[in-house]
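The values are calculated or read from the model by the stated rules, or taken from the named source; none is laboratory data. No experiment lies behind these values; they were computed from the predicted model shown. With ideal geometry, Cβ positions are generated from the backbone for all residues, glycine too; neighbour counts draw on all protein chains shown. Surface areas here come from the heavy atoms of the whole protein model, side chains and all, with no ligands, DNA or RNA. Shrake-Rupley method; radii C 1.70, N 1.55, O 1.52, S 1.80 Å.
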Amino acid sequence: MTANSATLSRIVTGVRPVSRIVTGVRPVSDAANVWSLSDLATPWCVHVAATLEIADHIAAGVTEIGPLAAAAKADRDSLSRVLQHLVAKGVFEEPSPGRFALNDAARGLLEPGAKLGLDLDGFGGRMAYAWGGLLKTVRTGTPAYHTIFGRPFWEDLEAHPEIAERFDALMGPGHGTPNPEVLIAGDWDTVQWIVDVGGGTGSLLAEILRGRPTLRGTLVDQPSTIARSGVVFQAAGVADRVTAVGQSFFDPLPAGADLYLLKSVLSDWPDREALVILRRCAEAARPDGRVVVLSGVSPDEAGAPPPELLMLVLVGGKVRTLSEFHELARAAGLDVRATGRRASGRFIVECVPSPPP
């Protein structure tokens with residue numbers, strides 16, 4: 001998954017039971033306690049427990065600290081201290097000294113998304129260690145990811161296929177089945193061909209096509225990501241109606257489709273790059289296509305969008321207000337035709353190419 005991998009913001013919005021511990025969210029009553037808020041022990045202990053698959057070992061019946069440390073290939077005393085800290089914070093239980101058990105919070109570590117997102121040996125480590133660049137990012141206004149990992153985010157994933165594969169898995173199956181309702185009014189009658197721009201391994205496009213047997217689709221993403229899409233389309237039974245195009249979405253897109261979909265794409269990029277992506281969509285959609293933006297745009301009446309600090313430290317992206325998006329769209333040659341929320345709460349923006357001057 002590289003510069004096309006357009007679903008980074010799904011991580012930010014994919015709240016899990018364990019995430020309250022990981023992100024340091026605490027009751028309002030101690031919000032002013034800076035020492036409590038700045039304690040990094042609990043988030044790191046959760047990451048360590050996830051990386052060592054402690055919940056999996058306990059679920060398999062390994063509950064005593066000695067065998068548990070052996071199964072996790074960890075030091076017994078150090079692991080015991082980590083688990084005792086987590087017990088005190090409400091993750092895991094210790095029914096008797098040195099014997100540990102799962103509780104509801106600890107069972108969250110068994111979920112595929114938690115395993116992928118918290119594993120320090122995989123993509124979870126990229127997210128965790130990237131926070132070390134926050135100060136430089138705040139000082140400079142640009143992501144400092146490259147100062148920690150040697151390359152900017154998307155280039156780093158390209159250079160480490162195993163990390164990119166886990167990123168793809170977190171963005172797709174790790175977040176469950178995607179919601180295929182991507183149009184405000186559900187007006188699919190005029191849509192015969194849809195292009196999913198930066199659609200990762202195609203989980204959303206597969207769900208859309210699965211429910212609409214006359215529709216054909218094109219998936220656009222980098223070649224390394226496209227290579228992992230075949231199994232997704234085969235499993236959905238739609239492989240015969242999909243074309244996978246391995247390319248950057250900064251290059252000209254397949255032209256003439258009825259619908260161009262950008263889900264969780266624009267929020268992964270600063271304004272300059274987001275403008276280029278929108279411009280490519282506008283060029284390809286002319287004269288009669290539509291561009292639909294899902295996620296990354298917040299209605300003005302909702303107030304300031306969430307800060308999305310993880311996207312800031314990883315890629316310098318952000319969620320934009322509708323007014324901010326209007327300006328970008330206009331500069332890219334698009335007019336906002338409609339906005340609205342689906343029953344799921346998803347905010348959708350539909351655009352059409354601007355008429356020629």
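Yes or no: F92 on the phi > 0 side of the Ramachandran plot and surrounded by 16 or more Cβ atoms within 10 Å (Cβ to Cβ)? Answer is yes for this residue. Within segment 120-134, which residues are among the charged types (D, E, K, R) and crowded, with 20+ Cβ neighbours inside 10 Å? Of everything in segment 120-134, just one residue is among the charged types (D, E, K, R) and crowded, with 20+ Cβ neighbours inside 10 Å, namely R126.
Inspection of segment 48-66 finds a residue satisfying the criterion of being β-branched (V, I, T), under 30 Å from W154 (Cα atoms) and outside any loop (DSSP other than H, G, I, E, B). Scanning segment 135-189 for residues that are of a type in the set (A, V, I, L, M), part of a loop (DSSP other than H, G, I, E, B) and open to solvent by less than 60 Å² (accessible area, probe 1.4 Å) gives A144, V182, L183, I184. The single residue among A257, A244, A227, A235 that is in contact (Cβ under 8 Å) with a residue 40 or more places away in the chain and open to solvent by 40 Å² or more (accessible area, probe 1.4 Å) turns out to be A244. Of all residues in segment 303-327, those that are of a type outside the set (D, E), without any contact (Cβ under 8 Å) to a residue 60 or more places away in the chain and surrounded by 15 or more Cβ atoms within 10 Å (Cβ to Cβ) total 7. Among the residues of segment 157-194, just one is at pLDDT 90 or above and among the hydroxyl-bearing types (S, T, Y), namely T190.
Scanning segment 50-76 for residues that are hydrophobic (A, V, I, L, M, F, W, C), within 16 Å of L102 (Cβ to Cβ) and surrounded by 18 or more Cβ atoms within 10 Å (Cβ to Cβ) gives A50, L52, I54, A55, I58, V62, I65, L68, A72. Determine whether segment 313-332 contains at least one residue that is touching a helix residue (DSSP H, G or I) at 6+ places or on another chain (Cβ under 9 Å), at pLDDT below 95 and more than 17 Å from A274 (Cβ to Cβ). Yes, that holds for at least one residue. Without any contact (Cβ under 8 Å) to a residue 24 or more places away in the chain, of a type in the set (A, V, I, L, M, F, W, C) and open to solvent by 10 Å² or more (accessible area, probe 1.4 Å) - does that describe any residue in segment 98-115? No, segment 98-115 has no match at all.
Results for (1) small (G, A, S); (2) outside any loop (DSSP other than H, G, I, E, B); (3) over 22 Å from the mean Cα position of the chain (by Cα), shown as yes or no for each residue.
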position: A255; (1), (2), (3): yes, no, yes
position: Y260; (1), (2), (3): no, yes, no
position: A274; (1), (2), (3): yes, yes, no
position: L278; (1), (2), (3): no, yes, no
position: C281; (1), (2), (3): no, yes, no
position: P306; (1), (2), (3): no, no, no
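Scanning segment 192-206 for residues that are surrounded by fewer than 19 Cβ atoms within 10 Å (Cβ to Cβ) and of a type outside the set (S, T, N, Q) returns a single hit, W193. Residues that are closer than 24 Å to A114 by Cα, without any contact (Cβ under 8 Å) to a residue 40 or more places away in the chain and not hydroxyl-bearing (S, T, Y) occur at least once in segment 179-199.
Per the listing S298, S267, the residue uniquely among the polar types (S, T, N, Q), buried (at least 23 other Cβ atoms within 10 Å of the Cβ) and closer than 30 Å to H146 by Cα is S267. Cβ separations smaller than 6 Å between residues 6+ apart or across chains give the following pairs from segment 337-348 residues that are at negative phi and open to solvent by 60 Å² or more (accessible area, probe 1.4 Å) to residues that are acidic (D, E) and part of a strand (DSSP E or B): R337/E350.
Only one of the numbered conditions (1) within 24 Å of A169 (Cα to Cα); (2) out of contact with any Ser or Thr (no Cβ under 9 Å at 6 or more places or on another chain); (3) open to solvent by less than 20 Å² (accessible area, probe 1.4 Å); (4) not aromatic (F, W, Y) is violated by L79, and that is (1).
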